[in-house]
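Have a look at the structure below before the remarks.
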Amino acid sequence: MFVEMMSKKRETVQDCVLGSAAVNLLGQDGWDNEMTINTKLCISNIVNLISPESEKFLKTILSDDQLKGVNSITVPQLQGLSTECLNIYDELINESTIMDSESIIENIHKLQVKHCKRMNSDIYKMLGVLQQVFFNFLIGNQILIHPKQPHIADLQCCLITYSEIPA
């Protein structure tokens, strides 16, 4: 069978993790939580060396050379928001503006128009994230899912959590 042949192909790390996922998906019943997590990671081509359970699992499907290769990968450090981005953020969201979500959304739209020629810039991306966060809070307030006004810390948490911006 094709899947068995592919699951035995162990040339690359991707071959190993996808092969393991295929074997789990096609042949295993009665999964436990750990197997579910590892299968989802494998399908996503994610190699988790932070979790001891995941690392133990990876040692069963990767060769020593593959593990050494994965361990030697360095991830570049993200730089965070530029000064210009931080200044715009501070102008949009502060103690005097936080209680007026609609006004903040209006100002976000104005700034998006101003920066629309640079749609790949950090400023434009940050404005898109903020627009979505405030829009969700506004909708939540209208249908009483989230009746309290958002706090600056909540918004910053959402901004950092759902973007590539480091904490």
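Values for this structure:
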{"read-out": "Viscosity 1.306 mPa s, temperature 10 °C, Stokes-Einstein D of region 41-86 from Kirkwood C-alpha radius, µm²/s", "value": "124 µm²/s"}
{"read-out": "For region 83-124: accessible area per residue (Å², 1.4 Å)", "value": "67 Å²"}
{"read-out": "Whole-Hz couplings from phi, Karplus 6.51/-1.76/1.60, listed for region 83-100; x for Gly and Pro", "value": "4, 4, 5, 4, 5, 5, 4, 5, 5, 6, 10, 8, 4, 7, 9, 4, 7, 10"}
{"read-out": "Sorted largest first, extent of region 1-122 alpha carbons per principal axis (Å)", "value": "61, 33, 30"}
{"read-out": "Fraction of accessible area attributable to carbon and sulfur, region 8-73 (%, probe 1.4 Å)", "value": "53 percent"}
{"read-out": "Spherically averaged projected area of region 52-114 from its Cα convex hull (nm²)", "value": "8.4 nm²"}
{"read-out": "Estimated vicinal HN-Hα couplings, Hz - region 115-127 in sequence order (Karplus 6.51, -1.76, 1.60; Gly, Pro = x)", "value": "9, 5, 6, 10, 5, 8, 6, 4, 4, 5, 5, 4, 4"}
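The values are calculated or read from the model by the stated rules, or taken from the named source; none is laboratory data. Quantities reported herein were computed from a predicted structural model and do not represent experimental measurements. To get the accessible areas, we keep the full protein, side chains included, count just its heavy atoms, and leave off ligands, DNA and RNA. Shrake-Rupley method; radii C 1.70, N 1.55, O 1.52, S 1.80 Å.
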